[in-house]
1. If you scan region 163-216, which residues turn out to be aromatic (F, W, Y) and under 14 Å from E265 (Cβ atoms)?
2. List the number of the failed condition for T143; all other conditions in (1) over 19 Å from A70 (Cα atoms); (2) β-branched (V, I, T); (3) touching a residue at least 24 places away in the same chain (Cβ under 8 Å) hold.
3. Which residue pairs have Cβ atoms under 6 Å apart, sit 6 or more places apart or on different chains, and have a first residue in region 249-262 that is in contact (Cβ under 8 Å) with a residue 24 or more places away in the chain and a second that is of a type in the set (G, A, S)?
4. Got a number for residues in region 140-187 being open to solvent by less than 70 Å² (accessible area, probe 1.4 Å), part of a helix (DSSP H, G or I) and modelled with pLDDT under 80?
5. Which one is most open to solvent (accessible area, probe 1.4 Å) among residues in region 26-77 that are of a type in the set (G, A, S) and outside any helix (DSSP H, G or I)?
6. Across region 257-269, which residue is modelled with the highest pLDDT among those that are open to solvent by 40 Å² or more (accessible area, probe 1.4 Å) and over 22 Å from the mean Cα position of the chain (by Cα)?
7. Read through the list (1) hydrophobic (A, V, I, L, M, F, W, C); (2) within 12 Å of S64 (Cβ to Cβ); (3) at pLDDT 90 or above, then give the number of the only condition that L39 fails.
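The values are calculated or read from the model by the stated rules, or taken from the named source; none is laboratory data. The structure presented is a predicted model; accordingly, all values stated were derived computationally and were not measured. All Cβ positions, glycine included, derive from the backbone under ideal geometry; neighbour counts span all protein chains shown. In case anyone asks, the SASA skips ligands and DNA or RNA and just uses the protein heavy atoms, side chains included. Shrake-Rupley method; radii C 1.70, N 1.55, O 1.52, S 1.80 Å.
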Amino acid sequence: MTDPIAEAFESQRERLRAVAYRVLGSHADADDVVQDAWLRLSRQDPAAIDNLGGWLTTVVGRLSLDVLRARQTRPQAPGDDRLPDGVVPLDGPEDDVALADSVGLALLVVLDALGPGERLAFVLHDLFAVPFEEIGQILGKSTAAAKMLASRARRKVRDSERPAAVGREQRGVVRAFLAAARDGDFAGLLQVLDPDVRLTAETPDGVVVVLGATKVASGARLSGGLAAAGRDVLVSGRPGVVSLDEDGTVVALLAFTIVAGRITELTVVTDPAKLTE
């Protein structure tokens, strides 16, 4: 026998997950919030809930707000918090990455500059059309105050330099580059590098700049293992990869600029001082 409440929740799960992810910028935190919302729903009397979708959105919003506020007060924890500033992890499966493609993912970088209330008000209203009255209830503020927070956030987003969207095609170019570097495939590297590509390597010994596809390909082929076991990230709006050691510390960061299917700029950071900023 099926559980109608469980079925109703499952029908809302992806939308709730999208809300939580865009508020929090972390797949893991979004999953935790949605699971917590389900546990709270399972303890409720269904007859007392007039609008299940609205009730769940409110619960997810409040839980997400708690997470945002906790981030401001707790010490940095292992995992995503060890990533350098401006680096957003892409830690979900392919369908989760697709959820955040284009504007959604690029926007996460800008949202990091907003306060918890601003971020929640902006995301819920501007991205998910939640009424300000409901947002005010989630924040514990008046409708007018919720509008003001969203307006302030909207102005900050508008004034910020929006990073370009990173889609599947650009990530495919990055993966092709990494595969060719790992395999020592010189011809494969040349296929994805712009002839005038610029490589900037920030090392403990200083900054090294290399120009031209042939020289960059030669260097990439020799250091192909640098990001062989890396993790997909967004670096200030650019597709990138981080390499981590066994305790989760970042040991290398690669960021790519891709134009018309070819890499025009590549930044490699191995300087520990830069990786902890």
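1. Taking region 163-216 as the starting set, the residues that turn out to be aromatic (F, W, Y) are 177, 186.
Passing the criteria: only F177.
2. Answer for T143: the failing condition is (3).
3. Listed pairs, sorted by first residue: V251/S243; A252/S243; L254/A227; L254/G240.
4. The qualifying residues number 1.
5. The initial filter retains those residues of region 26-77 that are of a type in the set (G, A, S), namely 26, 28, 30, 37, 42, 47-48, 53-54, 61, 64, 70, 77.
With the extra rule that they be outside any helix (DSSP H, G or I), the set shrinks to 26, 77.
On the way: S26: 10, A77: 37 Å².
Step by step, filter region 26-77, then rank; the result is A77.
6. Within region 257-269, the match that is modelled with the highest pLDDT is R262.
7. Evaluating L39 over (1) hydrophobic (A, V, I, L, M, F, W, C); (2) within 12 Å of S64 (Cβ to Cβ); (3) at pLDDT 90 or above leaves (2) as the failure.
Okay, residues lined up against (1) modelled with pLDDT of 85 or more; (2) open to solvent by 60 Å² or more (accessible area, probe 1.4 Å); (3) charged (D, E, K, R):
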| site | (1), (2), (3) |
| --- | --- |
| A201 | yes, no, no |
| V208 | yes, yes, no |
| G212 | yes, no, no |
| R221 | no, yes, yes |
| G224 | no, no, no |
| A229 | no, yes, no |
| V233 | no, no, no |
| L244 | no, yes, no |
| V251 | no, yes, no |
